[in-house]
Amino acid sequence: DAKTTQPNSMESNEEEPVHLPCNHSTISGTDYIHWYRQLPSQGPEYVIHGLTSNVNNRMASLAIAEDRKSSTLILHRATLRDAAVYYCILRDGFGNEKLTFGTGTRLTIIP
Amino acid sequence: SQTIHQWPATLVQPVGSPLSLECTVEGTSNPNLYWYRQAAGRGLQLLFYSVGIGQISSEVPQNLSASRPQDRQFILSSKKLLLSDSGFYLCAWSNVGLPPEGELFFGEGSRLTVL
């Protein structure tokens with residue numbers, strides 16, 4: 001499986017943008033980049049995904065490097081409710097249903 | 001709309017006792033089903049996944065087993081629990097046959113404490 005590397009933890013001030021990095025240097029050409037987040041005592045929830053182009057949705061933006069070896073999840077204006085563990089995972093394009101998560105980044109929002 | 005339920009939500013069991021966690025999905029057919037475990041302060045560990053009835057792939061050799069007796073039912077079991085089995089167990093599903101854009105939907109989780 002292609003692996004991802006994320007910082008263990010990050011802090012950000014409330015109402016400021018947050019940039020969460022993810023390295024995936026062994027990504028293959030058909031791997032999709034997915035982001036999930038896990039609030040305390042809950043199951044993870046989908047945030048966003050992309051392949052090559054940058055993506056925006058109501059929750060966040062995803063910036064993908066031109067060589068696709070890294071990506072950044074952008075929360076434009078962090079709120080206290082964004083405090084969670086954020087996971088970056090790769091999902092291949094060959095129907096491999098095995099989806100593995102790393103340890104993610106624990107985001108703390110400072111009021 | 002699709003929903004996923006797992007139970008029990010909380011479980012305290014003695015070492016050596018059996019375990020059964022159940023997960024059901026409603027509103028979809030032939031989903032992929034997953035069991036993950038999260039130890040305290042750790043990431044998500046994939047335990048089992050299933051692409052169809054009776055088809056189980058095991059990712060981590062251990063004293064746990066999984067079964068899929070029906071299309072939308074996924075059961076996690078153990079004959080004899082170990083202390084190291086304590087953790088937060090999550091069931092998840094995704095659609096089959098969609099492009100890789102398809103997302104995972106997680107249940108509410110089952111917190112197991114083995115004493």
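The values are calculated or read from the model by the stated rules, or taken from the named source; none is laboratory data. Because the structure is a prediction, the values reported are computed rather than measured. In this analysis, Cβ positions are derived from the backbone assuming ideal geometry, glycine residues included, and neighbour counts consider all displayed protein chains. Note: accessible area is taken over every heavy atom of the protein model, side chains too, but ligands, DNA and RNA are not part of it. Shrake-Rupley method; radii C 1.70, N 1.55, O 1.52, S 1.80 Å.
At a glance:
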read-out	value
Selection count, segment A:65-86, where residues are under 13 Å from A:P21 (Cα atoms), of a type in the set (A, V, I, L, M, F, W, C) and surrounded by fewer than 20 Cβ atoms within 10 Å (Cβ to Cβ)	2
In segment B:30-69, the residues that are part of a strand (DSSP E or B), over 24 Å from A:Y36 (Cα atoms) and either touching a strand residue (DSSP E or B) at 6+ places or on another chain (Cβ under 7 Å) or open to solvent by 50 Å² or more (accessible area, probe 1.4 Å) (or both)	B:Q55, B:I56, B:L64, B:S65, B:A66, B:S67, B:R68, B:P69
Evaluation of A:Y87 against (1) touching a strand residue (DSSP E or B) at 6+ places or on another chain (Cβ under 8 Å); (2) farther than 18 Å from B:F106 by Cβ (one fails), failing number	(2)
Residue count, segment A:34-48 (criterion: facing chain B (nearest Cβ under 10 Å) and surrounded by 22 or more Cβ atoms within 10 Å (Cβ to Cβ))	5
Those residues of segment B:17-29 which are open to solvent by 40 Å² or more (accessible area, probe 1.4 Å) and either over 16 Å from the mean Cα position of the chain (by Cα) or farther than 22 Å from B:E59 by Cα (or both), in sequence order	B:E26, B:G27, B:S29
Out of B:G43, B:G107, sole residue that is within 21 Å of A:K98 (Cβ to Cβ) and either more than 14 Å from chain A (Cβ to nearest Cβ) or at pLDDT 90 or above (or both)	B:G107
Index of the failed condition, A:M59 passing every other in (1) in contact with a strand residue (DSSP E or B) (Cβ under 6 Å, 6 or more places away or on another chain); (2) within 13 Å of chain B (Cβ to nearest Cβ); (3) under 27 Å from B:L47 (Cα atoms)	(3)
Unique match (being within 13 Å of chain B (Cβ to nearest Cβ), open to solvent by less than 10 Å² (accessible area, probe 1.4 Å) and out of contact with any helix residue (DSSP H, G or I) (no Cβ under 9 Å at 6 or more places or on another chain)) among A:I27, A:I89	A:I89
